[in-house]
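Notes follow the structure.
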């Protein structure tokens, strides 16, 4: 397994948010964490990155135990992160935002070229202020910035939220291409329709716990699973 997270217990103050949270993702696989608002999905990604460190638990990347490392060191082991809401430096240009990604692992210009290979449209926008881009283009920049880390694992927090259908498809295509290129993908979503086209496996999350995990084909074939774990109709 490329990424293994075992028994994370994570708190905000005295409030426990993750309870024995465990997931694993292989190279060339897309695992989707699916759950309602407040299920702990975003905290799970932040906890893996060390931004909200777990009190207990183990993190293994590519066979190496890196549990307890400070947050600034974890991405250097090959984890890219696309936060919810993109979090670009909006006053900086596209190029400058990508250079922030390069600094994480001291990657060179070749890493930026590879990242831009997934988003050819951005090549014409390198000198443009990021804040002047459309929402979809900003999502592309956020993903490209994460790819400048040259990640073995990429974690995306609701990357298609608020985007037009054509842009949602473009993002899905890139996520699928990353998987095909051997990257391990951990995708957070709260809408089942957003993940069925791309996920290999789905882990249903509620109240900080992974309640169940299924191959995507099982979920496609049995809509009662969505009802059971998300409490919503399968639209």
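The values are calculated or read from the model by the stated rules, or taken from the named source; none is laboratory data. It should be emphasised that the depicted structure is a prediction, and the values quoted were computed from it without experimental measurement. Neighbour counts run over all protein chains shown; Cβ positions are idealised from the backbone, glycine included.
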(message) If residue 124 satisfies all but one of (1) part of a loop (DSSP other than H, G, I, E, B); (2) more than 30 Å from residue 62 (Cα to Cα), what's the number of the condition it fails?
(response) (1)
(message) Let me spell it out: the conditions are (1) surrounded by fewer than 17 Cβ atoms within 10 Å (Cβ to Cβ); (2) over 21 Å from residue 188 (Cβ atoms), and residue 162 meets all of them except one. Which number is the exception?
(response) (2)
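Let me confirm something: among 13, 63, 78, which residue is under 28 Å from residue 211 (Cα atoms), out of contact with any helix residue (DSSP H, G or I) (no Cβ under 9 Å at 6 or more places or on another chain) and in contact (Cβ under 8 Å) with a residue 60 or more places away in the chain?
Details: 13 fails: in contact (Cβ under 8 Å) with a residue 60 or more places away in the chain; 63 fails: in contact (Cβ under 8 Å) with a residue 60 or more places away in the chain.
Exactly one residue qualifies, and that residue is 78.
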(request) Considering only the stretch 103-112, state which residues are part of a helix (DSSP H, G or I), surrounded by 15 or more Cβ atoms within 10 Å (Cβ to Cβ) and modelled with pLDDT under 90. (result) 104
(request) Would you be able to say whether some residue in the stretch 119-137 is within 16 Å of the chain's Cα centre (by Cα), surrounded by 12 or more Cβ atoms within 10 Å (Cβ to Cβ) and over 17 Å from residue 186 (Cβ atoms)? (result) no
(request) Return yes or no: is residue 169 at pLDDT below 95, loosely packed, with under 14 Cβ neighbours inside 10 Å and within 18 Å of the chain's Cα centre (by Cα)? (result) yes
(request) Could you name every one of the strands (runs of 3 or more DSSP E) located completely within the stretch 1-98 that has at least 1 residues being surrounded by fewer than 16 Cβ atoms within 10 Å (Cβ to Cβ)? (result) 3-12, 15-25, 56-61
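Conditions tested, residue by residue: (1) within 20 Å of residue 54 (Cα to Cα); (2) in contact with a strand residue (DSSP E or B) (Cβ under 7 Å, 6 or more places away or on another chain).
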{"site": "180", "(1), (2)": "no, no"}
{"site": "183", "(1), (2)": "no, yes"}
{"site": "192", "(1), (2)": "no, yes"}
{"site": "195", "(1), (2)": "no, yes"}
{"site": "200", "(1), (2)": "no, yes"}
{"site": "207", "(1), (2)": "yes, no"}
{"site": "216", "(1), (2)": "no, yes"}
(message) Going by what's in this entry, would residue 87 be described as over 20 Å from the mean Cα position of the chain (by Cα) and within 22 Å of residue 33 (Cβ to Cβ)?
(response) no
(request) Would you check if there is a residue in the stretch 193-206 being within 19 Å of residue 34 (Cα to Cα) and without any contact (Cβ under 8 Å) to a residue 24 or more places away in the chain? (result) no
